[in-house]
Amino acid sequence: MNTHANFIAGDWVAGQDLIQNINPSDTRDLIGHYAQASRTQTETAIAAADAALPKWAASTPQQRADALDAVGSEILARKAELGDLLAREEGKALPDALGEVLRAAQIFKFFAGEALRIPGESMASTRPGMGVAVTREPVGVVGIITPWNFPIAIPAWKIAPALAYGNTVVFKPAELVPGCAWALAEMLSRAGLPAGTFNLVMGPGREVGEEMLNDPRVSAITFTGSEGTGRKVAHACVGRAGAMARFQLEMGGKNPLVVLNDADLSVAVECAINGAFYATGQRCTASSRLVVTEGIHDRFVAAMVQRMKSLKVGDARQAGTVIGPVVNATQLQQDLSYIALGSAEGAKLVAGGQHHGLIEGRPGFYLEPALFIDTHNAMRINREEIFGPVASVIRVRDHEEALSVANDTPYGLSAGVCTTSLKMASHFQRHLQAGMVMVNAPTAGVDPHVPFGGRKASSHGPREQGRYAADFYTTVKTAYIHP
Ligand code: ADP
């Protein structure tokens, strides 16, 4: 049997259980068996990370840089194999899976560099003879809880900065995608980190995750996942006796893409197709609301329907596939029930929405990307995150109504506008209420070296990625020195 253990205190440790990792493009394909840690094993991992902290916190920037750089290089060298594994376990079409793997490598390389440039400040005091030094120190043991939709990039953008800034790590990946997590852990196990610096505990959120939230030795929790679980994380972190845990949450989105009358139609259609449907719509930055002004509305809808015919749905690893399967049966059910709800709410389905249980002889969770028109912003399909290849067109009068509809949502992760007017581009850049704004670009798809995060119900806490990651993974010390 192809089994994969957890990595705790520098050793590979069998779990209390094993789960199967199944390919959503072909449910007959078993990728492997993965250990599920018990609560006691999670505690052991936390204790190991706690014990390893003084040594890793005192490691030189060069040691940290070398370890992260080695992982980045290995990911690059094994890009094809890891991309294949990612597409196989998550269902992301191979070109997108390869892009995600590349991004994970870039993130490790970026933070290898950042480890060498941990910033500080030295300044004069207001008091005579005194000096002031502002330095950044590690936070401590960081608990990392990740979702299934970016099986290698999200772990990378949490693990790499945590280690770069001298923290130790307990990492719990999502149950659905243990393959990439395990592969990453295996590379980290050979990267020269002292035992206990990095620990992998695969297992259920309710046990392994909660153990991490409640253990006072875990000083910080970084979480990406659903809003409901995010709120539980927040409650647990502030509800602890003694010191509260620092926490950072990345949650849902209901991202608008505004298309104005003066947009280049083909650019707008490509932005919408990519943003709404690539990665099977399973991105928190997906464009699920297409807010279109009336002068271009009919042409935009006709071009979308036409373009959607060329989106080949199929096995994520087959050449030519653009849209892989939905990740599993539960998510598929959720997507289908929202499609039914859209019709019940009075929206008109103009393309897609059909589920195929079998494509080219492979049993999988296939769903044709769906486009609704005649929708309005108060419909549940326009307010709740669906997390599938489902998008709605909302017709609006003019740019003012477009902006107000775009911002009328509980979320604020990403937002886009398609226009050829510099004046409009600047106006929307300024007034869209989102952490990330895209002009003539899809709402999803971001660079690895700049901040990622949102506003309102989408996010809480400091930004991830880029130099801004230091704000979460370090704690500032202000020293007053009188010689
Ligand atoms: P998704 O819809 O992406 O699966 P979840 O919020 O359910 O979103 O899961 C995101 C991550 O949070 C997963 O790793 C999951 O195991 C973990 N998780 C789920 N429930 C809890 C919990 N009660 N405590 C801690 N972590 C949890």
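Among (1) crowded, with 23+ Cβ neighbours inside 10 Å; (2) among the basic types (Lys, Arg); (3) free of Cβ contacts under 8 Å to residues at least 40 places away in the same chain, which single condition is Arg283 missing?
Only one criterion is unmet by Arg283, namely (3).
Hey, Arg217 hits all of (1) farther than 16 Å from Trp148 by Cα; (2) open to solvent by less than 50 Å² (accessible area, probe 1.4 Å); (3) more than 11 Å from the ligand (Cβ to nearest atom) but one; which does it fall short on?
Only one criterion is unmet by Arg217, namely (2).
Take the stretch 240-253 and flag every residue that is of a type in the set (D, E, K, R) and crowded, with 24+ Cβ neighbours inside 10 Å. Write out each step before concluding.
Pass one, the stretch 240-253, residues of a type in the set (D, E, K, R): 240, 246, 250.
The one that is of a type in the set (D, E, K, R) and crowded, with 24+ Cβ neighbours inside 10 Å: Glu250.
Regarding the stretch 184-201, can at least one residue be identified that is within 12 Å of the ligand (Cβ to nearest atom) and more than 18 Å from the chain's Cα centre (by Cα)? It would help to see each step written out before you state the result.
From the stretch 184-201, those within 12 Å of the ligand (Cβ to nearest atom) are 201; that's our starting set.
When the remaining residues are screened for being more than 18 Å from the chain's Cα centre (by Cα), the result is 201.
Yes, some residue in the stretch 184-201 is within 12 Å of the ligand (Cβ to nearest atom) and more than 18 Å from the chain's Cα centre (by Cα).
Pull up the stretch 133-151, narrow it to residues that are open to solvent by less than 20 Å² (accessible area, probe 1.4 Å) and more than 14 Å from the ligand (Cβ to nearest atom), then point me to the one that is farthest from Glu211 (Cα to Cα).
Gly140
Starting from residues that are without any contact (Cβ under 8 Å) to a residue 60 or more places away in the chain and open to solvent by 40 Å² or more (accessible area, probe 1.4 Å), keep the ones in the stretch 79-98 and report whichever is farthest from Ala156 (Cα to Cα). It would help to see each step written out before you state the result.
Start the filter on the stretch 79-98 by keeping residues that are without any contact (Cβ under 8 Å) to a residue 60 or more places away in the chain, which leaves 79-81, 83, 95, 98.
Then drop every residue that is not open to solvent by 40 Å² or more (accessible area, probe 1.4 Å), which leaves 79-81, 95, 98.
Values: Lys79: 14, Ala80: 17, Glu81: 17, Pro95: 19, Leu98: 14 Å.
This residue is Pro95.
Would you pick out the residues in the stretch 245-257 that are within 16 Å of the ligand (Cβ to nearest atom) and among the hydrophobic types (A, V, I, L, M, F, W, C)?
Ala245, Phe247, Leu249, Met251
So which residues in the stretch 220-244 are away from the ligand (no atom under 13 Å from the Cβ) and either of a type in the set (S, T, N, Q) or not in a strand (DSSP E or B) (or both), if there are any at all? Before you say what the answer is, go through the steps one by one.
Our first condition is that a residue be away from the ligand (no atom under 13 Å from the Cβ); within the stretch 220-244, this holds for 220, 238, 240-244.
Within the stretch 220-244, Val238, Arg240, Ala241, Gly242, Ala243, Met244 meet the criteria.
Which residues, taken from the stretch 160-183, are more than 14 Å from the ligand (Cβ to nearest atom) and aliphatic (A, V, I, L, M)?
Hits for the stretch 160-183 are Ala160, Ala162, Leu163, Ala164, Val169, Ala183.
Enumerate the pairs (first residue in the stretch 221-233 and open to solvent by 20 Å² or more (accessible area, probe 1.4 Å); second residue anywhere and modelled with pLDDT under 95) with beta-carbon separation below 7 Å, excluding pairs fewer than 6 apart on the same chain, so at least 6 apart or on different chains.
Hits for this filter: Ser226/Gly252; Glu227/Gly252.
Give all pairs with beta carbons closer than 7 Å in which a residue from the stretch 43-56 that is free of Cβ contacts under 8 Å to residues at least 40 places away in the same chain meets a residue that is small (Gly, Ala, Ser); count only pairs at least 6 apart in sequence or on separate chains.
From residues that are free of Cβ contacts under 8 Å to residues at least 40 places away in the same chain, the pairs are Thr44/Ala9.
The values are calculated or read from the model by the stated rules, or taken from the named source; none is laboratory data. Since this is a predicted model, take the numbers as computed values, not measurements. Positions of Cβ are generated from backbone atoms using ideal geometry, with glycine treated the same way; all protein chains shown enter the neighbour counts. SASA here: full protein model, heavy atoms, side chains in, ligands and nucleic acids out. Shrake-Rupley method; radii C 1.70, N 1.55, O 1.52, S 1.80 Å.
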